[in-house]
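The structure appears below as structure tokens.
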Amino acid sequence: MNSQDIEALVRPNIRALCPYSTARDEYQGSLGIFLDANESPYPTGWNRYPDPRQKALKAKLAAIKGVPAESIFLGNGSDEAIDLMFRIFCAPGVDNAVAIDPSYGMYNVAADINDIEMRRVPLGPDFALPAKELLAAADAHTKLLFLCSPNNPSGNAFPAAELEALIRQFPGIVVLDEAYADFSAQGSLRGRLAEFPNLVIFQTLSKAYGLAGLRLGMAFASPYIIALMSMVKYPYNINQSTQELVSAALDKSVDGQVAEIVAQRRRIAATLPAFGFVRRVYPSDANFLLVQVDDADALYAHLIADGIIVRNRNRVRGCAGCLRITIGLKSENDKLLESLQAYEKGDIHR
């Protein structure tokens, strides 16, 4: 797929869009006296509008991620980038998108908000990637394919060769959500964007970097797609405090924390099968485990009563009887195991 093919996928009104121009877009220097944006002149630390293009933060991320700054979009969480995919490529009530199921729920919510049909294709046995079925679900009005790898809630990363084949064969934009890639030995396809003009990769600072409260998501794609996203987004979508706090956080390595979470994940995964009520612990490349148990609702209620909150996925397609357990600190994981031991002994909270 070439750049002309990508352009043909874009909604005509978006191709013709004249984006809003901010005061900071029209003059990008720093003369010291700002009388152009109707801001308050009184210095509060936040009286000036933030950089709408986040140039300094993107430069730092470009060096860390090995991706040119013009191939980086920053959004208010990954959810903003998900919504933009529909707004840029899908005509409401006309076009459709395809996604694996089960997966991250916001793909479906964003599709519904934008009046786009979402064609959900069940994962195969052991949550395998159903490549043929995904391609078969597409038609002339299919614009997007959403793939989450490592997937949420299953936790597994799909083989790189299978992902690459899908990206090459799919007749639209492939959105690869790598929110949990920092915890996976498989790594990222981020460095291969030049090979795949129709690929958009999402990553986040909420997981490995521990910045969920700052709400900053990243998208990596061709400069053309990033330019479209920048045109359609709200002008000042990333506030100044977030830009500054994220920039400071990026100066510190999270490798040690990631390694500890992976080690704790392996420890918990190895320990859980010893409990008689645990049917299966699914392999995970993320910072959580999907665990199938005899009575998910009862165990969930027991853990809640013990002050431990996990995610009950019992009613999610393909996840009957399953709880999703995030890997915490060692002390938190110890408390989890103690509570599970009490549950097995019959000391059950109702």
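The values are calculated or read from the model by the stated rules, or taken from the named source; none is laboratory data. Note that the structure is predicted; figures quoted are calculated from it, not measured. FYI the Cβ positions are ideal-geometry reconstructions off the backbone, even for glycines, and counts take in every protein chain you see.
The set of residues in the range 120-150 being over 24 Å from Tyr282 (Cβ atoms) and in contact with an Asp or Glu (Cβ under 9 Å, 6 or more places away or on another chain) consists of His141, Thr142, Lys143, Leu144.
In the range 303-346, what residues are within 13 Å of Leu272 (Cα to Cα), among the hydrophobic types (A, V, I, L, M, F, W, C) and without any contact (Cβ under 8 Å) to a residue 40 or more places away in the chain? Scanning the range 303-346 gives a single hit, Leu323. Somewhere in the range 145-161, is a residue in contact with a helix residue (DSSP H, G or I) (Cβ under 9 Å, 6 or more places away or on another chain), more than 30 Å from Gly321 (Cα to Cα) and crowded, with 17+ Cβ neighbours inside 10 Å? No, there is no match, as no residue in the range 145-161 is in contact with a helix residue (DSSP H, G or I) (Cβ under 9 Å, 6 or more places away or on another chain), more than 30 Å from Gly321 (Cα to Cα) and crowded, with 17+ Cβ neighbours inside 10 Å. Could you list, in sequence order, all residues of the range 202-222 that are surrounded by fewer than 24 Cβ atoms within 10 Å (Cβ to Cβ) and farther than 28 Å from Gly256 by Cβ? Result: Ser222, single match.
Checking Ala62 against (1) more than 23 Å from Met231 (Cα to Cα); (2) surrounded by fewer than 17 Cβ atoms within 10 Å (Cβ to Cβ), only one condition comes out false. Which one? Failed condition: (1). Residues that are buried (at least 17 other Cβ atoms within 10 Å of the Cβ) and among the polar types (S, T, N, Q) number at least 2 in the following helices (runs of 4 or more DSSP H) confined to the range 223-329: 240-249. If you filter the range 172-195 down to residues that are without any contact (Cβ under 8 Å) to a residue 60 or more places away in the chain, surrounded by 15 or more Cβ atoms within 10 Å (Cβ to Cβ) and assigned to a loop (DSSP other than H, G, I, E, B), you find that the one that is nearest to the chain's Cα centre (by Cα) is Glu178. Residue under question is Leu199, and the condition is that it be over 19 Å from the mean Cα position of the chain (by Cα), in the same structural domain as Lys65 (by TED's automatic domain parsing) and crowded, with 23+ Cβ neighbours inside 10 Å; does it hold? No; evaluated as a whole, the condition is false for this residue.
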